[in-house]
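*Asks:* To start, I am sharing the structure in question, which I have written as C-alpha cells.
The values are calculated or read from the model by the stated rules, or taken from the named source; none is laboratory data. Computed from a predicted structure; not experimentally measured. Neighbour counts are summed over all protein chains in view; Cβ atoms, including those assigned to glycine, are modelled from backbone coordinates with ideal geometry. Surface areas here come from the heavy atoms of the whole protein model, side chains and all, with no ligands, DNA or RNA. Shrake-Rupley method; radii C 1.70, N 1.55, O 1.52, S 1.80 Å.
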Amino acid sequence: MEVRRDPVTGENTTGHEWDGLEELDKNVPWPFKLGLVIAIAIAAVMWVMLPSWPHISSDKWPYVTDYTKGTIGYSDRGRVARNLALLADTQAKFDKRFTDRDLKDLLADPEARKSYFAAAATLFRENCAMCHGRKITGRPRFPNLADNQWLWSGDVDGIYETIKYGINSEHDDSRSGSMPAFGKDEMLDLDQIHDVVEYVMKISGQKHLPDAAKRGAGLFKEHCVACHQKGGVGNANNGAPNLTDDEWIYEGHKKTVYQSVFYGRAGVMPHWVDRLRDAEMRQLALYVKWVGADIAAQKAVELKNKPESKVTEKLDGKDEDE
Amino acid sequence: MRISSGKIEGYILILMTLPLMVLGGALAFYGKEGALVFHGGLIALVTSYAIISIFRKMSEPAQNIPLEYNDGVIRAAVIMTGIWGFIGFFVGSVIAWQLAFPDLNIDLPWTNFARVRPVHTTSVIFGFGANALIATSFYIVQRTSRARLAGRFTPWMVLWGWNLFVILGVSGYPFGITQGREYAEPEWYADLIALFVWVAYLWVFLATLSRRAERHIYVANWYFLAFLIAFAMLHTFNNLAIPISLEYAKSYSLFSGVKDAMTQWWYGHNAVGFFLTASFVGMLYYFLPKAAGRPIYSYRLGIIGFWGLVFLYMWVGSHHLHYTALPDWVQVLGMSMSVILLIPSWAVVFNGFFTLNGAWHKLRVDPALRFMALAVCFYAISTLEGVFMAMKPVNALSHYTDWTIGHVHAGALGWVAFITFGSMYKLVPWVWHREGTYSKRLEAWHFWLALSGVLIYVGAMWNSGITQSLMWQTYNPDGQFAFAFIDTVDAMHPYYIARAFGGTLYLIGFCLGAYNLWLTIHPRTPIQMPDQQELKPLPTVNLNKATVKSPMSVKATETPTGPAE
Ligand code: HEM
Ligand code: HEM
C-alpha cells in the first residue's frame, strides 16, 4: 500500500496495511511527551528521597545485599513505631480517668456515663457483641447481660473481674464452674434424668408431669442442691444458674434442659486481660451496668403502662422441698 | 490444493499428551479424594480421546481442502466464551447477593462464599477472557498475516486443553482443591496441562506469524505475543510447587514467606497486565479501527505504548504488598514504576480515542463501536485509578477495602468485558458469514444494561470502600476507636445490595447479547457472505522447519506473492 494522506486528520499513513487497517505516521503528541517526562521526574524524586534501588554491597561482594536508603531516612517500621508511641501516649492519659478511680464511684457519676458511653459501646460491639449480642441481651448459649440475673456477680467490680479473667477460660484466675454430665458419666439413669428434668420444668413454672416432678424433687435434693441451692435458686459463688426464673442460657426447653443434665455444661467466656487495656475492661464493666439499668428502667415503664399486668406466680418448689 | 496430514505435528502432540494421560490415570487410580479421582479420570478421558482422534485424522487420506482461513476453532472458542461468560457472570451475581445476604451461603461447605468466589474469578478470567482471546487472536493473526492458522490439530488442542484446565479449576474449588494463590488456584496437575497448552498456543501463534504474507507484524500481534510469552513465564514460576503425593491434590510452593508473597503478586499483577490488559489491547487494536473504519491514530505512539507497558508491568507487582513484611525498597520501587506506567497505558487510550476521529458519528448507530469506545474510557479510568492506588498513602486507604473491588470491576466489567462484547458483535457475523448481527436493538439494550450495571457496581464499591476505610481509621481524641468493625459491616449493606443489583443488570444484558448472537448464528433465513478478504499465503518462508510438513505447508499453486511488492 502506498503512503497516502488521510483526509480527516491531514496526516500521512505509514504505508503499511493489514487486512485494510492502516496507521497514521502521526508524531507523538506533546502532552504525552510532557506526561512521560513528569512521570519519570516524580519517580526519580521518589528514588532520591526514599529507599528504592538494590545494589551490591562491598562487604558481601558480589551479592546484592543492600539498597539505597533515600535522603529523608524513611522506613515503614519507624513510622509505625512513632505512631504507636503517640497513640500509647494519648491512651495512657485517657486511661488514668478509669484506673485512678473506683468503679463504683464511676458508676455513680453521671458525667462519666455522658462522656464515655459511646466509646464503651464501640468496645462492646467490637469485642463482646458477637456472643452477647449488640443489645447485650445474649442469644442461645450466651447469657443475657441485661436481665439482672447473674451467674457470678452482678456488681460492677464482680463484672469487671469476670471480664478480666473469664469463665472457664485458660487464665489461672478464671472463674470456673461446670455442670457435671449426669447421663454421660452414668451418675443418673435415663428415667431419673427424665424425672429431674420434669422437676426443673416445674420450678421454672413450665408445663410438667406432676408425678415425675415429684420423683425428681428427691433426686434434685440429692444431686443438684449442692450447686443450685435449695429450690434451684442458683449460687453466685460457683456460677450455678438460677433455675426458677424464665431466663435461660440454653433456651430452657425440656429438650435442652435434658441435654444439660445428660451431657453437662461448661460454657466459656474468654479472659480479656491479655487483650484489652485495664481501662477498657473497666469501661466494659460500666457499660454493662449502664445498659442493664436502662433496660430495667424501660421494662419498669412498660410494666406500669400495661394496665392490670399480672406477674405470673411462680412455683418455687417449696412444698416439695420442705 | 492439497494439504498434508500433519504427521509430524500429530506425533509430537501425541508424545506430549501421553504423559498427561498417564498422570490422569495415576491420579484416578491412587487418588483418595473424590474430586481428585474425578479430575484424574477426566484428564485421562480427554487426553485419550485427543490421542485417538489425532490418530484417526492422521490415517485419513490427505484431503484437498480449499485454501482458506481456519475459522472452525474460532467459532468453537466463541461459543465457549459465551458459556463461560454466563457461568462467570452468574456466579459473580450469586456471590454478590451472598455478600449482601449471608443466609444465601445456605450453610453448606460447597456453597460457601469463600469456595464459590474463585469459581467466579476463574470462570471470568480464564473461561470468558481466555476463550475470547483465543478466538480473537486466532482471527487477528490470520487476517493481519494473510496466512492460515498453523497446525492442523494444535489449535484445537489449545482450545480444548485450555477449557479442560478451567474445568479442572472450577470443579475443584467447591471441594477444597486449591493452591490458595489468587488467580492461580488450580493445583499442580492442572497447571501442567495449562503449561502444555500455553506452549502449544505460543507455537501456533509464532508459526502463523512466521508464514505471514505481510512484511510487518501488525501491532495487535505484538501485544498477543507479549501476552503469550509473559504468561508462559509467569505461570511457570508462580506455580513451582511440590505435590505431596498422588493421593491428595495438595502441593507446597517452592517459595516461602515474603518471597512467596512477592512471587504470587509478581504473577498476580502481570496476570492483570498481560492477561487482562496487553492481550485485550491487542483485541482493541484490531476491532476498534475495523469497526470505525479509520486508520490507527499514531504508529509511533503504538510503539512507545507497547514497549513501555511490557517493560514496566514487570516491576510493579509489589504495589499489591504495600505495608507488609516486604522490604521498603521493593515497595517504593513498585510504587515509582507504577507512576511511569500510567503514560504507556495511556498511549493506548490516546490511540483508541483519536482513532475514532472522523468516526464519532458511528457511535450513535453502532452499539458495538460504543462498547469499544466505552471500553477505552474504562481502561483510562482504571489505569489512572490504579496508579493512584499504587501510591502508598492512597493504598493505606484503599487496601483491604471494597475500593479494590471497584477498581477490579471498572477494569473487568468496563474494559475487559466491554471490549470483548464489542469485538464479538463484529467477529460473530464475520466468522459465521452473516451480514450483521440479528438485532441492533438488542445490541443497544445490552449496551445500556451493561453500562448501568458497571456504573452502579463501581459507584457502589467506591462509596463503600472509602466509607469502610474511613470508619476503620477513625479514632476519637482519646485514642479509642469511633466505630466497631460490625458498624462498618452495617454501613456496607446498602452498597452490597446495590452492587448485586448492578451485577444482575449486567448479567441480564449479557444474556440478551448471547441470545442476539445465537440468533445471528442460527438465522431464520441463512445468508452467506463471502469472507472479507481472500487468503494469499506466503509459501516460501517457514520458520519452524520441524513442522513445515504440517497442514499449513500448503503447496500453493498460485504465483507466490512476495511481501509488499
Ligand atoms: C455480573 C458481573 C459480575 C459480578 C456481579 C461480579 C461480582 C464479584 C464479587 C461479588 C466479587 C467478590 C468481591 C469481594 O470479595 O468482596 C468479585 C471478585 C472478582 N471479580 Fe467479579 N463480578 C462480575 C464480573 C467480573 C468480570 C467480568 C471479571 C473479569 C474479567 C471479574 C473479575 C473479578 C476479580 C478479578 C475478582 C477478585 C477481586 C479481588 O480479589 O480483588 N468479575 N466479583
Ligand atoms: C496502570 C494500570 C494499573 C495500575 C497501576 C493498577 C494498580 C493496582 C493497585 C495498586 C491495586 C491494589 C492493590 C492492593 O491494594 O491490594 C490493583 C488491584 C487490582 N487491579 Fe489494578 N491497576 C492498573 C490497571 C488495572 C486494569 C486495567 C485491570 C483490569 C482488569 C486491573 C485489575 C486489577 C485487579 C484484578 C486487582 C485486584 C488484585 C487483588 O486481587 O487484590 N488493574 N491494581
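*Asks:* Which is farthest toward the positive dipole end of the stretch A:190-263 among A:VAL257, A:ASN237, A:VAL197, measuring Cα position about the Cα centre, with Cβ charges +1 (Lys, Arg) and -1 (Asp, Glu)?
*Replies:* Of the candidates, A:VAL197 comes out farthest on the positive side.
*Asks:* Helix A:190-203 sits at what angle to the longest principal axis of chain A, using alpha carbons and giving 0 to 90 degrees rounded to 10?
*Replies:* Roughly 90 degrees between the two axes.
*Asks:* Between A:ASP155 and B:ALA325, how high is the FRET efficiency from 1/(1 + (r/R0)^6) when r is the Cβ-Cβ distance and R₀ = 45 Å? Nearest 0.05.
*Replies:* Step by step, r from the Cβ atoms, then E = 0.45.
*Asks:* Give the calculated FRET efficiency between B:TYR11 and B:GLN473 to the nearest 0.05, with a Förster radius of 56 Å applied to their Cβ-Cβ distance.
*Replies:* 0.35
*Asks:* Normalised by the number of residues in the stretch B:373-440, what is the relative contact order in percent for Cα pairs under 8 Å and 6+ residues apart?
*Replies:* RCO, the stretch B:373-440: 37 percent.
*Asks:* Helix A:278-305 versus the longest principal axis of chain A: what is the Cα-based angle in degrees, 0 to 90, to the nearest 10?
*Replies:* Taking Cα atoms only, the helix is inclined about 60 degrees.
*Asks:* Per residue of the protein assembly as shown, what 222 nm ellipticity follows from adding -39500 (n - 2.57) for every DSSP H run with n ≥ 4, rounded to the nearest 500?
*Replies:* Computed ellipticity for the protein assembly as shown at 222 nm equals -19500 deg cm²/dmol.
*Asks:* Can you spot the aspartates and glutamates whose alpha carbon is less than 18 Å from B:LYS392's alpha carbon? Ignore those fewer than 8 places along the same chain.
*Replies:* Output for B:LYS392: A:ASP76, B:ASP328, B:ASP402.
*Asks:* Which pairs break 32 Å Cα to Cα here: A:LYS33/A:LYS69; A:LYS255/A:LYS304; A:LYS33/A:LYS60; A:LYS184/A:LYS289?
*Replies:* Going by Cα-Cα distance, A:LYS255/A:LYS304; A:LYS33/A:LYS60; A:LYS184/A:LYS289 fall outside the 32 Å limit.
*Asks:* Please state the relative contact order of chain A as a whole percent: Cα pairs under 8 Å, 6+ residues apart?
*Replies:* In percent, rounded to a whole number, it is 18.
*Asks:* Also, quick follow-up: With a 1.4 Å probe and every protein chain left in place, tell me how much accessible area A:ASP89 has, in Å² to the nearest 10.
*Replies:* 90
*Asks:* Report the equivalent ellipsoid semi-axes for the stretch A:1-74 in whole Å, largest first, defined as the square roots of five times the eigenvalues of the gyration tensor built from alpha carbon atoms.
*Replies:* Square roots of five times the eigenvalues give 48, 18, 7 Å.
*Asks:* What FRET efficiency, computed as 1/(1 + (r/R0)^6) with R0 = 60 Å and r the Cβ-Cβ distance, is obtained for B:ARG56 and A:THR68, rounded to the nearest 0.05?
*Replies:* Computed FRET efficiency for B:ARG56 and A:THR68: 0.45.
*Asks:* Give the angle, between 0 and 90 degrees and rounded to the nearest 10, that separates the Cα long axis of helix B:34-59 from the longest principal axis of the Cα atoms of chain B.
*Replies:* The angle comes out near 20 degrees.
*Asks:* Using a cut-off of under 17 Å, list every residue of the stretch B:211-240 whose amide N is near the label point 7 Å from the Cα of B:PHE311 along the Cα-to-beta-carbon line.
*Replies:* Under 17 Å, as judged by backbone N against the label point of B:PHE311, lie B:223, B:226 of the stretch B:211-240.
*Asks:* Let me ask something additional. May I ask which of B:LYS32/B:LYS250; A:LYS114/A:LYS299; B:LYS362/B:LYS426; B:LYS362/B:LYS440 have a Cα-Cα span longer than 19 Å here?
*Replies:* Violating the 19 Å limit, Cα to Cα: A:LYS114/A:LYS299.
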